[in-house]
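Participant: Have a look at this one before I ask anything.
Every read-out reported here was derived from the displayed coordinates using simple, explicitly stated rules and does not represent laboratory data. Bear in mind the structure is a predicted one, so any value in this text is a computation, not a measurement. Positions of Cβ are backbone-derived with ideal geometry, glycine not excepted, and every protein chain shown enters the neighbour counts.
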Amino acid sequence: MKKSHNLWLNAWYGKSRWVYWLLPLSWLFSLISCTRKFILVIFLQKKLSVPVIVVGNISVGGTGKTPLIIELVKYLQQQGHKPGVVSRGYGGVAQYPYLLDQNSHASAAGDEPLLIYKATQCAVCVAPDRVAAALTLIAQGCTHILSDDGLQHYRLGRSLEIAVVDGQRLFGNQKLLPVGPLREPVSRLKSVDLIVLNSRSKKAVLSGYHNIHDMKIQPLAWRKLATMQDLPLTAMNFKEPIHALAGIGNPERFFKTLDSLELTYYAHHFSDHHQFSITDFEVYRNDTVVMTEKDAIKCHEFAKPEWYSLIVGAQLNEHFWQAFQHKLDSV
């Protein structure tokens, strides 16, 4: 999986030329996408009775949507609202629409919806049909709906769109799938309400676009999986060897964070949304294992004493929150 994953990433974000042989497929993808969008927006889009805030991206892979959604939910809760989150629930298998509760597992709900639910305690509903999920949440009394990774799900009407961009990689060769990493052209960003640039590098320049806001994903604490105890970042003295596991869209972001914490480790890549089981860890025996929150949500039940997850949080400045509130007031 890692070899195949790296092959595409090197082609999209590097200088590989072989991928341009796939241009006819990219043109076909563009034609189908544009036709689909036209039909959904003009004929099939469903407008709801409450504000719908869509958080998504135009590229494949992880950009930091989940931490942003968690912060948006917390903000709305602080304002006295009752937000709810709809998600596809990738990797989960349940009877849809599926409303999460205290007994939900990632195998049914998917890893990201469960992570959002546990971090916020807001109502979260999972379904391939996001309109049905949103209507379920409205019936639960939700005053605002947030759609996780919903930018291209045009059947669900939206009041406000937020696009999250990887501030390290941006858009690679700026081509549509499969030649490049894009689901939609970069010009799609001109129509969204807010652009959030996650962990912007000094070389990352996004010119010609307005409403750009920076976001940083900061490590906050270590969580001991066996006891769910949170421990300070600086107080940890891990037993070596240390194995770092990442089954997320952009695992290198996690490993770079570990580097910033001056942690020495063996890096292990897994596919995004990998359904971890105890057999994945047999080779590590009683060694120290560290992982992301998203991966840890699937490992609590069989966690060993020396397993930890890195707790992170999205940091956005006051300028973003003012802009977000202004957009919300105008809905």
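Participant: Can you list residues whose amide H is under 5 Å from Leu156's amide H, if they're 5+ apart or on another chain and H is modeled 1.01 Å from N?
Facilitator: Lys46
Participant: Then there's this: May I ask you to give the average projected area over all directions of the convex hull of the Cα atoms of the chain, in nm² rounded to one decimal? Kindly include the intermediate steps, with their values, before the conclusion.
Facilitator: Working: hull surface 70.0 nm².
Projected area, direction-averaged: 17.5 nm².
Participant: Starting from the 7 Å offset along Cα-to-Cβ, what nm value, one decimal, do you get for the label separation of Asp230 and His210?
Facilitator: 3.9
Participant: Using a Förster radius of 41 Å, what is the FRET efficiency between Val331 and Asn237 based on their Cβ-Cβ separation? Nearest 0.05, please. Write down the numbers at each step before the final one.
Facilitator: Values: r = 50 Å, r/R0 = 1.21.
That pair, Val331 with Asn237, gives E of 0.25.
Participant: Let me ask you something else. Per-residue HN-Hα couplings for region 238-245, Karplus 6.51 cos²θ - 1.76 cosθ + 1.60 at θ = phi - 60°, whole Hz, x for Gly and Pro?
Facilitator: Result, ordered by residue: 5, 7, 8, x, 10, 10, 9, 10 Hz.
Participant: Within the chain, what percent of beta bridges assigned by DSSP are antiparallel, to the nearest 5?
Facilitator: On the way: 15 of 54 bridges.
Roughly 30 percent of the beta bridges in the chain run antiparallel, per DSSP.
Participant: Please tell me the relative contact order of the chain in percent, rounded to the nearest whole number, where contacts are Cα pairs under 8 Å and at least six residues apart.
Facilitator: Working: 625 pairs, mean separation 65.8, N = 331.
Once divided by the residue count of the chain, the mean separation gives 20 percent.
Participant: Check which residues have an amide H placed less than 5 Å from Leu197's amide H, if you skip close sequence neighbours.
Facilitator: Correct list: Val165, His213, Asp214, Met215.
Participant: Please list the non-local residues whose amide H lies under 5 Å from the amide H of Val289, H modeled 1.01 Å from N, same-chain partners needing a gap of 5 or more.
Facilitator: His243, Trp307, Tyr308
Participant: Now for a separate question. Which FRET efficiency, nearest 0.05, do Gln45 and Gln121 yield, Cβ-Cβ r, R0 25 Å?
Facilitator: Numbers: r = 30 Å, r/R0 = 1.22.
Working from the Cβ atoms, E equals 0.25.
Participant: Please label the shape of region 218-314 as rounded, prolate or oblate, based on the square roots a ≥ b ≥ c of the eigenvalues of the alpha-carbon gyration tensor (a/c under 1.5 means rounded; beyond that, a/b larger than b/c means prolate, else oblate).
Facilitator: Numbers: a/c = 1.30, a/b = 1.11, b/c = 1.17.
Judged from the Cα gyration tensor, region 218-314 comes out rounded (a/c under 1.5).
Participant: Can you say what percent of the DSSP beta bridges in region 218-314, counting only those with both residues inside, are antiparallel? Round to 5. Numbers along the way, then the final one.
Facilitator: Numbers: 9 of 21 bridges.
About 45 percent, rounded to the nearest 5.
Participant: Gaussian network model of the chain, Cα springs within a sub-10 Å range: biggest mean-square fluctuation belongs to which of Pro251, Pro185, Pro51?
Facilitator: Pro185
Participant: Students often get this wrong, so check it: of Lys65/Lys256; Lys190/Lys216; Lys74/Lys294; Lys175/Lys202; Lys74/Lys304, which have C-alpha atoms separated by over 29 Å? Can you show the working numbers first?
Facilitator: Working: Lys65/Lys256 18 Å; Lys190/Lys216 22 Å; Lys74/Lys294 18 Å; Lys175/Lys202 23 Å; Lys74/Lys304 31 Å.
Check vs 29 Å cut-off fails for Lys74/Lys304.
Participant: Setting aside same-chain residues fewer than 8 positions from Lys239, which aspartates and glutamates have a Cα under 14 Å from its Cα?
Facilitator: By straight Cα distance, Lys239 reaches Asp287, Glu306.
Participant: Given the -39500 (n - 2.57) contribution per DSSP H run of 4+ residues, what per-residue ellipticity at 222 nm results for the chain, rounded to the nearest 500 deg cm²/dmol?
Facilitator: Values: 9 runs with 93 residues, N = 331.
The per-residue figure over the chain is -8500 deg cm²/dmol.
Participant: Any idea how far apart Val93 and Asn286 come out in nm if each label point goes 7 Å out from Cα toward Cβ?
Facilitator: 3.6
Participant: Take the alpha-carbon centre of region 101-134, take the same for region 225-289, and report the distance between them in whole Å.
Facilitator: 24
Participant: Contour minus end-to-end for Gln218 and Lys37, with contour as 0.36 nm per residue of separation and end-to-end as the Cα-Cα distance? Don't skip to the answer; put the middle values down first.
Facilitator: Values: separation 181, 0.36 × 181 = 65.16 nm, distance 3.56 nm.
Between Gln218 and Lys37, full extension yields 61.6 nm more.
Participant: Apply the Karplus parameterisation 6.51 cos²θ - 1.76 cosθ + 1.60, with θ equal to phi minus 60°, to every residue of region 54-59 and state each ³J(HN,Hα) to the nearest whole Hz, in sequence, with x for glycine and proline.
Facilitator: Using θ = phi - 60°, the values come out as 9, 10, x, 8, 9, 10 Hz.
Participant: Would you mind telling me which residue in Ile42, Ile58, Ile116 has the biggest mean-square fluctuation in a Gaussian network model of the chain, where springs connect alpha carbons within a distance under 10 angstrom?
Facilitator: Evaluated over the chain, the most mobile residue of the options is Ile42.
Participant: Give me a comma-separated list of calculated 3J(HN,Hα) values for region 323-330, in order, Karplus coefficients 6.51, -1.76, 1.60 applied at θ = phi - 60°, integers in Hz, x for any Gly or Pro.
Facilitator: Each residue of region 323-330 in turn: 5, 4, 5, 4, 5, 5, 5, 8 Hz.
Participant: Moving on. Rounded, prolate or oblate: which fits region 106-245, taking a ≥ b ≥ c as square roots of the Cα gyration tensor eigenvalues, rounded meaning a/c under 1.5, else prolate when a/b beats b/c?
Facilitator: Values: a/c = 2.01, a/b = 1.16, b/c = 1.74.
Oblate is the answer for region 106-245, as a/c is 1.5 or above yet b/c matches or exceeds a/b.
Participant: Just to verify a number: FRET efficiency for Gln174 and Ala139, C-beta to C-beta distance, R0 = 41 Å, to 0.05?
Facilitator: Details: r = 42 Å, r/R0 = 1.02.
My answer for the efficiency is 0.45.
Participant: Something else about it: Hey, in the GNM for the chain with a 10 angstrom Cα cutoff, which one of Ala109, Ala11, Ala244 fluctuates hardest?
Facilitator: Between Ala109, Ala11, Ala244, it is Ala11 that shows the largest mean-square fluctuation.
Participant: While we're here: Based on other C-beta atoms within 10 Å, arrange Asp287, Asp230 from fewest to most. Spell out each step's value before the answer.
Facilitator: Details: Asp287 17, Asp230 12.
Going from least to most buried by this count: Asp230, Asp287.
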